[in-house]
Structures are given as C-alpha cells and as structure tokens.
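Below is one structure, written out as structure tokens; the observations come after it.
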Amino acid sequence: MKAQKLILPLLIIAVAAVLYFLYFSPKDDLGFFSDFDTNNNANRDIIVKLLHERGFVQDKNSGGTTFYVEDGAGKVVKVIGPITLPPGMDVTNRVTLRGHLHTDYFHAASVTPRN
C-alpha cells in the first residue's frame, strides 16, 4: 500500500525534472540568428562565436564598436555593440549578446564574454 502512495509523487517529480532539464536549464550551445525577427526590437540573448580575425572597430560617430560573430549555423553577422567592450573580449571565443537583429547587423545592448 505504501508503494502505491509513492508512485504518483515520484512520477510528478520525474516529469518536473525532465521539463526543467529540457526547457528551463541554461543552455551553453551556440544560438541561431534565424530565431530572431528583424521586425521585433525586443532584446534577447544569444550565445555566439567571436571572430577575432575580423577585428574590432570603435566608431565614435555611431557610438559603438563593430565586430563580427558566427552563430550555430555558421552565419556570420556584423555586430554593433557598446563603445566600451568588457574586459576579456580579446581572450574569449564565445560571447553572450543581448540585443535585437536588424536586416544587415545585430544591435547589441550588452556583450558578456563566456568561458
């Protein structure tokens, strides 16, 4: 009789754990720019590969730093980020961008280096 009373709570815990690990746990994989809508200006996070060989260009006229990144599908996108980038950008391979996608570039409100 005690075994029957334990089955339902264990089943609920198992379902909750599966949902958490599949949908709500933080992902460390590269994101896809195809998930973004160019008509939506809401800021979202995306993890991308930083392309050091394309360089960093600070443009005081536009008020930002331009650099290039690659998403999980291999799509290379120009990023216009803050004028001052956080420390560690020269040694990291991946960054988290928070911003929105335009037709020809990604506007990053914030840039965070990843390990």
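The values are calculated or read from the model by the stated rules, or taken from the named source; none is laboratory data. What you see is a predicted model; the values in this text were computed from it and never measured. Backbone-built Cβ (ideal geometry, glycine too); neighbour counts: all protein chains shown. Accessible surface is based on the protein model in full, side chains and every heavy atom, while ligands, DNA and RNA are left aside. Shrake-Rupley method; radii C 1.70, N 1.55, O 1.52, S 1.80 Å.
Please work out whether the chain counts as rounded, prolate or oblate from its C-alpha gyration tensor, where a ≥ b ≥ c are the square roots of the eigenvalues and a/c under 1.5 means rounded, while otherwise a/b larger than b/c means prolate and anything else oblate?
prolate
What full-extension length gain, to one decimal in nm, is calculated for LYS75 and GLN58 as 0.36 nm per residue of separation minus the Cα-Cα distance?
Additional length available on full extension: 3.8 nm.
Would you mind finding the longest exposed-site-free stretch of the chain, with exposed trypsin sites (Lys or Arg not before Pro) meaning DSSP loop and at most 11 other Cβ atoms within 10 Å?
61-115
Share of the chain's accessible area from carbon and sulfur, percent, 1.4 Å?
Roughly 58 percent of what the probe reaches on the chain is carbon or sulfur.
To the nearest 20 Debye, how big is the dipole of the chain about its Cα centre, given +1 on the beta carbon of each Lys and Arg and -1 on that of each Asp and Glu?
Roughly 460 debye for the chain.
Give me the percent relative contact order of the chain, please, defined on Cα pairs under 8 angstrom at least 6 residues apart.
Reported as a whole number, the value is 24 percent.
Using the Karplus curve 6.51 cos²θ - 1.76 cosθ + 1.60 with θ = phi - 60°, what ³J(HN,Hα) values do you get for each residue of the stretch 92-108, in whole Hz, with x for Gly and Pro?
8, 9, 10, 9, 9, 9, 10, x, 9, 9, 9, 5, 10, 6, 10, 8, 9
Set Lys and Arg Cβ to +1 and Asp and Glu Cβ to -1, take the dipole of the chain about its Cα centre, and tell me which of PHE24, ASN61, SER110 lies farthest positive.
Working it through, the farthest residue towards the positive pole turns out to be PHE24.
When ligands, DNA and RNA are left out and all protein chains stay put, how many square angstrom of accessible area per residue does the chain have with a 1.4 Å probe? Mind dumping the intermediate values first?
Values: 7890 Å² over 115 residues.
Accessible surface, normalised per residue, equals 69 Å².
Provide, for the chain, the number of lysine pairs with alpha carbons under 29 Å apart, each pair being eight or more places apart or on different chains.
Lysine pair count for the chain: 8.
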